[in-house]
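What follows is a short report on a single structure.
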Amino acid sequence: MAAFPDVDRIKFEGPKSTNPLAFRVYDENELVEGKPMKDHLRFSVAYWHTMRGTGADPFGPGTMVRPWEGPEDTLDNAINRVKVAFEFMEKLGTPFYCFHDRDVAPEGETLAETNKNLDAVVAALQQEQERTGIRLLWGTANLFSNPRYMHGAATSCNADSFAFAAAQVKKALEVTKQLGGEGYTFWGGREGYQNLWNTDMKREVDHLGAFMHMAVDYAKEIGFTGQFYFEPKPKEPTKHQYDFDAANCINFLRAYGLEDHVKLNIETNHATLAGHTVEHELEYAGMQGFLGSVDANTGDLLLGWDTDQFPTDVYLSTKIMLAFLKYGGLAPGGVNFDAKVRRESFEPVDLFHAHIGGMDTFAAGLKVAAAIRADGVLEGMVKDRYSSWDSGIGAEIEAGKHGFASLQNYMLAKGDVTPNVSGRQELFENVVNRYIF
Ligand code: XLS
Ligand code: NI
Ligand code: NI
């Protein structure tokens with residue numbers, strides 16, 4: 001029986017459509033910069049939120065009405081849920097999904113039983129992937145929910161927690177490979193600390209470096225060639241996460257010799273929690289060659305936590321798509337909706353509204369970004385702003401022809417700097433708006 005009997009395949013109906021179950025902008029085959037939108041955006045559904053989100057918050061239990069869920073988290077239920085997930089994605093038309101090991105299959109009494117459960121669900125996932133052509137963007141392991149990880153996983157003071165996490169990631173890599181996953185993500189989870197009095201920070205971070213090397217080595221051993229990602233997040237659940245932001249993660253990867261193996265998966269709401277914007281994080285990762293994938297969501301600036309709302313702001317999606325177009329596109333990454341419907345939006349159909357809105361917002365952002373690039377006006381204005389570096393002393397400095405002494409001589413002879421010109425921030429902002437309204 002269909003889980004969403006009242007919803008057909010979501011179609012593109014164009015900007016005039018008022019059908020809540022249609023795309024107004026996302027036309028998967030429309031060419032942008034010579035490539036279908038579908039291949040630019042590589043949309044992905046996050047299994048953990050969409051299939052497992054209950055709506056629970058610290059103040060009360062879940063609210064979601066999900067008729068396909070049984071009263072218990074059984075293996076049968078998990079296998080049946082796979083069919084629901086694929087019906088949802090097929091109707092929505094998203095080419096990818098992402099999951100944590102523990103979202104798709106229940107934990108057993110022992111590690112062996114847990115792995116057996118996972119294998120059974122993975123067989124169902126594989127079957128549905130083959131039936132629909134929907135693929136796995138990335139897999140990951142949940143190293144934060146089980147109480148054994150209360151002190152962290154790779155950074156735990158308890159060596160056995162590290163060992164258990166290693167066993168878990170080993171298995172997660174195997175199933176990710178089995179499902180043809182195009183990537184594997186490390187999000188820190190509880191890798192961080194609350195209080196330095198009881199923490200040996202150096203030892204913990206060294207362990208995290210060693211753990212990621214083990215993952216890279218094991219991937220090589222089993223022939224998993226997908227892209228590894230590290231996902232920055234500054235807080236939640238710990239006060240000091242070791243994967244604070246893009247700059248911090250890149251420093252960690254370089255310090256531990258992981259820079260050739262791991263890129264970043266940037267999440268909008270995590271960027272804002274770090275006191276950055278997502279465009280800052282993307283540009284920082286991009287300029288250093290670490291731009292990987294994006295967890296598309298948005299926070300609420302009036303609430304200080306990871307609210308994981310669906311993105312609806314075209315300025316935001318424009319900035320994200322500009323960064324990706326600039327640095328060569330999203331593949332093998334994608335636009336993964338690491339976002340959840342609000343606790344008050346409890347009906348199954350709300351899952352469609354949420355994703356349709358997100359997909360249209362990103363399709364619009366892609367079109368605006370492509371228009372900005374096609375015109376070249378903005379790029380030209382930035383280039384102009386730096387024109388003092390294109391000839392004369394600027395070009396000589398960039399070519400490495402100067403040091404402090406020669407620059408002192410230059411300035412002594414010249415007297416003072418060529419007058420500054422306006423930064424024209426407001427004009428730049430207005431120019432961007434030309435492509436939006
Ligand atoms: C949590 C993270 C998580 C990762 C995957 O805040 O965003 O969902 O994307 O573990
Ligand atoms: Ni995320
Ligand atoms: Ni998050």
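For every residue, the table says whether it meets (1) over 30 Å from Thr312 (Cα atoms); (2) open to solvent by 90 Å² or more (accessible area, probe 1.4 Å).
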position	(1), (2)
Leu366	no, no
Ile372	no, no
Gly394	yes, no
Phe437	no, yes
Residue that is most open to solvent (accessible area, probe 1.4 Å) [pool: residues in the range 292-313 that are in contact (Cβ under 8 Å) with a residue 40 or more places away in the chain and away from ligand 3 (no atom under 16 Å from the Cβ)]: Thr312
All positions within the range 275-291 that are out of contact with any helix residue (DSSP H, G or I) (no Cβ under 6 Å at 6 or more places or on another chain) and crowded, with 23+ Cβ neighbours inside 10 Å: none
Checklist (1) open to solvent by less than 70 Å² (accessible area, probe 1.4 Å); (2) under 30 Å from Phe230 (Cα atoms); (3) without any contact (Cβ under 8 Å) to a residue 60 or more places away in the chain applied to Tyr327, failing item: (1)
Tally of residues being open to solvent by 40 Å² or more (accessible area, probe 1.4 Å), assigned to a loop (DSSP other than H, G, I, E, B), more than 16 Å from ligand 2 (Cβ to nearest atom) and more than 20 Å from Lys171 (Cβ to Cβ) across the range 188-236: 3
Residue satisfying all of: in the range 330-356; farther than 18 Å from Thr268 by Cβ, part of a helix (DSSP H, G or I) and not charged (D, E, K, R); most open to solvent (accessible area, probe 1.4 Å) among these: His353
Residue match in the range 279-302 (condition: touching a His at 6+ places or on another chain (Cβ under 8 Å) and at positive phi): no
Hey, Arg24 touching a Ser or Thr at 6+ places or on another chain (Cβ under 7 Å) and modelled with pLDDT of 95 or more or not: yes
Qualifying residue in the range 247-269 (condition: open to solvent by 10 Å² or more (accessible area, probe 1.4 Å), within 11 Å of ligand 1 (Cβ to nearest atom), in a loop (DSSP other than H, G, I, E, B) and in contact (Cβ under 8 Å) with a residue 12 or more places away in the chain): no
Options Ala120, Ala141, Ala163, Ala153: the member that is farther than 20 Å from Phe86 by Cβ and surrounded by fewer than 19 Cβ atoms within 10 Å (Cβ to Cβ): Ala163
Of the criteria (1) touching a residue at least 12 places away in the same chain (Cβ under 8 Å); (2) farther than 23 Å from Asn433 by Cα; (3) more than 14 Å from ligand 3 (Cβ to nearest atom), which one Leu316 fails: (2)
Filter result (modelled with pLDDT of 95 or more and within 15 Å of the chain's Cα centre (by Cα)) within the range 285-306: Ala285, Gly286, Phe290, Leu291, Gly292, Ser293, Val294, Asp295, Ala296, Asn297, Thr298, Gly299
Those residues of the range 335-349 which are of a type outside the set (Asp, Glu) and within 16 Å of ligand 3 (Cβ to nearest atom), in sequence order: Val335, Asn336, Phe337, Ala339, Lys340, Val341, Arg342
Asp300 vs. criteria in a loop (DSSP other than H, G, I, E, B), over 24 Å from Ile10 (Cβ atoms) and touching a helix residue (DSSP H, G or I) at 6+ places or on another chain (Cβ under 8 Å): no
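The values are calculated or read from the model by the stated rules, or taken from the named source; none is laboratory data. Please read all numbers here as calculations on a predicted model, not as lab measurements. Note: ideal-geometry Cβ built from the backbone for every residue, glycine included; neighbour counts use all protein chains shown. Just so you know, the surface numbers come from the protein's heavy atoms only, side chains and all, with ligands and any DNA or RNA stripped out. Shrake-Rupley method; radii C 1.70, N 1.55, O 1.52, S 1.80 Å.
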